[in-house]
1. With only alpha-carbon pairs counted, each pair once and no self-pairs, how large is the Kirkwood hydrodynamic radius of segment A:183-303 in angstroms?
2. Please list the non-local residues whose amide H lies under 5 Å from the amide H of A:ALA17, H modeled 1.01 Å from N, same-chain partners needing a gap of 5 or more.
3. Using Cα pairs closer than 8 Å and at least 6 residues apart in sequence, work out the relative contact order for segment A:237-338, in percent.
4. Add +1 for every Lys or Arg and -1 for every Asp or Glu among the other residues with Cβ under 15 Å from the Cβ of A:VAL214, and state the total.
5. Compute the Cα gyration tensor for segment B:1-160, then decide on rounded, prolate or oblate, letting a ≥ b ≥ c be the square roots of its eigenvalues: rounded whenever a/c is under 1.5, prolate when a/b is larger than b/c in the other cases, and oblate in all that remain.
6. Determine the distance separating the Cα centre of segment A:257-303 from the Cα centre of segment B:6-25; give it in Å without decimals.
7. Show that you can apply the helix-only estimate: for chain A, add -39,500 (n - 2.57) for every DSSP H stretch of four or more residues, divide by all residues, and state [θ] at 222 nm to the nearest 500.
8. How much length would be gained if the chain were fully extended between B:LEU258 and B:ARG53, taking 0.36 nm per residue of separation minus their Cα-Cα distance, in nm to one decimal?
Amino acid sequence: MKIRLDNVVKEFETFRAVHGVSLDIDSGELVALLGPSGSGKTTILRMVAGLEYADAGAIYFGDENATEIPVRDRGVGFVFQHYALFPHMTVGENIAFGMKVSKIKRSPQAIAARVKELLDLVQLSGLKDRFPGQISGGQRQRVALARALAVDPRVLLLDEPFGALDANVRRDLRRWLRKIHDELGITTLFVTHDQEEALDLADRVVILNKGKIVQEGTPEAVCRNPADAFVMNFLGDANRLEAEIRGGKAHVDGVAFEADGVADGSGQILFRPADVSWREDGQGIAARIVRVIDRPDSRRVLAMTESGQAVEFDTAPEFTHRRGDAGFLDIRRPRVYAAA
Amino acid sequence: MRLRRRVLPGLPLALGITLVYVAIIVVLPLAALVFKAASLGPEDYWRIISSDRAVASYRVTVTCALAATAFNLVFGLALAWVLVRYRFPGRRLVDALVDLPFALPTAVAGIALTTLFAANGWFGEPLSLVGIKVAYTPLGIMVAMSFTSIPFIVRTVQPVLEELDPALEEAGQTLGASDLSIFVTVILPLLTPALLAGVSLSFARSLGEFGAIIFIAGNQPFSTEITALLAFIRLEEYDYPASAAIASVMLLTAFVMLAITNLMQARALRYTVRG
């Protein structure tokens, strides 16, 4: 099922507003809505589900305008951040709930068979008669997914599905969700504030800030070509240096960087900590080491440029320079943007 | 042997004070009651508690208490629902008014209700036109019982309703359930333990209510005489053992009822048992 959002607006007295978002999601695609808290990503998801009504704009499921269809008739599967399993029902009863209340009558045998099938799909066959309070968080989230899938939704929507789980469980579930998605081919939209999760799982990432889409594309596209300083910062650790842009070059402490297409004036260059090399000869920006932090697989160096701007970069564990040593920062793949 | 250290100090002292308090305030009077009733021989005891007048009073008390509790179950739940789910002007005032029956001396409530429901009262007059008599009938007893015990249901259900995760209802909606089936299959089962607690308190209070009822009931033996009043009448007659005997029946009823509701609550909460 193709989903299309056409200039959707939602005003709130608080900060969670959405200011005119248009988005196309292809049938069978797995799309991540990525953004910091308050960027409106959950609001968008809830509007697609029908749990929130748009103030303006339209939402299409295929060619059908779904904007005014109430949530119970919209045919979406929704997985909540904190599972929202019915605590007084067993795992099996939770999964069967949607089929039992459905207008389409199913025989008890058909329901039982479908519950079994879904339990197998989410690999929880032995837990049918447990209550949600008796299983782990990761298991609960899988039950929530099975429950959402039970009514054959046209679209699967997940709100921070792994937000409440441990890092390890999270990674496993992520890979597992991708596998399920590939098996079922259901159009899936999920919300996350964790860039690693979005990049790991999604076909396409939609990055939101302050209720607007700032960039959308494949994980590769957004990683290699962040549209602006916000995206660059949000996707991962980034250093930022003030620069002056003159004639297609960005000047920082007497070093020039390519700055094609950036208007003259004050600007900024951003780069990843992994894209810096420490040199003792005269190449790059002059700096002095302030501190060295040890990590299992690398050493993180905190340095200060001559103009007093802080830079962090990663080096091999064999790095032997220490606090107070002077040298030069050789920056690869810098990204130059106009000043914010 | 090393003394076990506790994180929270003062357990022996706190436990001691609590037990002494329970013994003096709760157990001692009950023991005195049982002791007094036991001073009768078994035959006398049985004759007193199974006399026609006593049995009639049990019937009046229990049926009225059941009806009042059923009424409170519905309207207490509705009241709690409205107070939790809706924001309207005067909500805080209504919320505060719920506790009024607790704060008001029950005799005052009884007199006020009698005035309202008497044949020439504000409510009684229009009601008598359609042939309904409230004051001096069992209906009046029910009104007084409902009035004094409705806060129990509201105050036990309200916090549970407030804590109910709205995502549960949203989950029900996304799964295609109607509002009614969400209420019946999701909300009501989750409220059941609180409702049972409220019902048992409300029922117990209705069984034991005295002050509010005697003004409105008419107190005719065999039709509008409640058990508590009968015990009081025996007391007035200086027939302490008979009074204690009748009171012991009420005590036993209260115990049995509390035991039953506790069992029902445990059953309703079985999903919280960790496996």
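No lab work stands behind these numbers, since they all come straight from the coordinates. Computed from a predicted structure; not experimentally measured. Here Cβ is always computed from backbone atoms with ideal geometry, including for glycine, and neighbour counts include all displayed protein chains.
1. By the Kirkwood definition, the hydrodynamic radius is 17.1 Å.
2. Amide H neighbours of A:ALA17: A:PHE12.
3. 32 percent
4. Net charge in that neighbourhood comes out at +3.
5. Note, shape of segment B:1-160 comes out oblate.
6. If you average the Cα positions of each part, the centres end up 66 Å apart.
7. -7500 deg cm²/dmol
8. 71.2 nm
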